Amino acid sequence: MQWSEIVADPALKDLPYKIETNEYGQIVMSPHKRIHAIWQGEIEWRLRQCLPRGRAAPEFAIDTRLGTKTPDVVWYSKDKEADLLADQRLAPEICVEVLSGSNTDGELAIKRALYFEAGALEVWLCDNTGALRFHTPEGEQAHSLLAPDFPRRLA
């Protein structure tokens with residue numbers, strides 16, 4: 001299926017799951033635990049505080065060569081908004097994945113690569129304890145280069 005067909009399907013409108021597609025257009029659904037939602041909301045709020053000249057948003061779909069991927073939280077500068085809304089193949093500057101028990105290192109490495117291919121400058125990973133890891137195309141960093149004051153652990 002194409003992403004436009006998925007979001008237009010009334011049967012899929014109110015699912016309590018994160019939806020992505022794989023490279024074959026098949027829907028992949030991941031149920032969320034409550035701690036996932038807590039970290040997602042906390043990251044979104046803190047991004048707005050740290051980087052007020054942009055927008056933070058949840059569940060931002062990105063069309064990649066391996067299907068549509070949906071980072072849990074994104075941040076982008078306001079001057080990129082028109083381009084991001086016009087072209088779903090573009091990634092925001094920061095893409096954040098809040099990890100669940102089903103995530104594998106291999107899957108996360110692929111997602112990071114896909115987000116970087118789509119133009120992301122940083123990909124953050126948040127584990128179930130609220131600890132964050134910050135990645136750029138050059139590898140893992142001690143802190144975010146775009147939001148250096150963002151904490152390494154959420155409380």
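The values are calculated or read from the model by the stated rules, or taken from the named source; none is laboratory data. Keep in mind the model is a prediction, meaning the values are calculated, not measured. Glycine gets a Cβ as well: all are built from the backbone with ideal geometry, and neighbour counts include every protein chain shown. Accessible surface areas use protein heavy atoms only, side chains included; no ligands, DNA or RNA. Shrake-Rupley method; radii C 1.70, N 1.55, O 1.52, S 1.80 Å.
Quick look at the numbers
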quantity	calculated
Probe 1.4 Å, accessible area per residue of the chain, Å²	56
Once exposed loop trypsin sites (Lys or Arg not before Pro) are cut out (DSSP; at most 15 other Cβ, 10 Å), longest piece of the chain	90-151
Relative contact order %, the chain, counting alpha carbon pairs below 8 Å whose residues are six or more apart	17
Helix 105-117 vs. the chain, principal-axis angle (Cα, 0 to 90°, nearest 10)	90
Accessible-area composition of the range 23-155, carbon plus sulfur, in percent [1.4 Å probe]	52
With Cα atoms, 0 to 90° folded angle of helix 34-50 axis to the chain main axis	60
Options (1) 16.4, 52; (2) 16.4, 65; (3) 14.8, 43 - which one matches Rg and Dmax of the Cα atoms in Å as calculated here	(3)
Shape category assigned to the range 36-94 from the gyration tensor of Cα positions, a/c cut at 1.5	oblate
Value of [θ]222 nm, deg cm²/dmol, for the chain, DSSP H segments ≥ 4, -39500 (n - 2.57) each, nearest 500	-8000 deg cm²/dmol
Shape category assigned to the range 112-155 from the gyration tensor of Cα positions, a/c cut at 1.5	prolate
